[in-house]
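S.K.: Got a structure here, written out as structure tokens. Questions coming.
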Amino acid sequence: MRWAPWEGATHCTGAPEPGAMALLAWILENYTVRSGGIYNCRTVVGSTTSTHGEGRAVDIMTPTYNGRPTAYALEAGNEIISRLGEFGPELQVQCVIFNRRIYSASSPNGREYTGTHPHYDHLHIELTRQAGNRLTLATCRFFLDAKEVEDVKLNCRWVIVSGSDVNLETVKKIADGRGMWKDAVTPGEMWVHAREEFAPALVKQLEGFTAFIEHIRVIKTYEGSFKEIEKR
């Protein structure tokens, strides 16, 4: 499994982040579990501010029997971990704790969790700050609803839009429903992740905005590496 680099919390922000709410919504629409909440201004026992304090940690409550996870809890919990672990860097999931195990970039396939709470009754899922701010339900569905992981890895393209005055809000509006956007790699660029079949239509739409778009590149992704296959 793969996970995003871990970012610790430093202070309480006052509310749940939209990305955490989006991930919670996806889990609730796919599993018979319940929300344990997102925002909670508190510290980790004997440590620093909890990621709940920054509104980017989600607790997913699962059933227990005699204090331990039920068979369904183990099945659902481990499946959620596996699915998130396939796309941890893409979704910017940095950590999951469940059933006395912790999964992160330093322990991709999990190790014993020695914290005070064993997490027998819930999954604790953390996002990076970027994901907390920008992850959407559409992006969760795009990656996690795929029947085959390879379909996502092999049949997607980044549409890179550049210009001296790229209107990011317009690009995001055009891309809505067709992919996800991310921060520019260089100033004046906008990246949109689109399924293979959506990329041509998306490019055609974007090319109509020549007033601010000077160049469009389409590249294909595989296992996190980029290979430029087309220039416009």
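Only the coordinates and a few stated rules stand behind these numbers; no lab work does. Here the structure is a predicted model, which means the values were calculated and not measured. With ideal geometry, Cβ positions are generated from the backbone for all residues, glycine too; neighbour counts draw on all protein chains shown.
S.K.: Mind giving me the nanometre distance, one decimal, between the label points for residue 42 and residue 137, set 7 Å out from Cα along Cα→Cβ?
M.R.: Label-label distance for residue 42 and residue 137, simple model: 2.8 nm.
S.K.: Extension gain residue 65-residue 34, at 0.36 nm per residue separation less the Cα-Cα distance, in nm?
M.R.: That pair, residue 65 and residue 34, stretches by 9.5 nm at full extension.
S.K.: Using the Karplus curve 6.51 cos²θ - 1.76 cosθ + 1.60 with θ = phi - 60°, what ³J(HN,Hα) values do you get for each residue of region 128-138, in whole Hz, with x for Gly and Pro?
M.R.: Once rounded to whole Hz, the list reads 6, 4, 4, 5, x, 7, 10, 5, 10, 5, 4.
S.K.: Moving to a separate point now. Please compute the contact order of region 18-137 in relative form: average sequence separation of alpha-carbon pairs under 8 Å and at least six residues apart, divided by the residue count, as a percent.
M.R.: 32
S.K.: Hey, another quick one. Using only Cα positions of region 18-137, each an equal point scatterer, no hydration layer, compute I(q)/I(0) via Debye at q = 0.09, 0.23 Å⁻¹ and quote the log10 values to two decimals.
M.R.: So the normalised log intensities work out to -0.21, -1.56.
S.K.: Give me the distance in nm between label points sitting 7 Å out from Cα along the Cα-to-Cβ direction at residue 117 and residue 15, one decimal.
M.R.: Using points 7 Å along Cα→Cβ, the separation is 2.4 nm.
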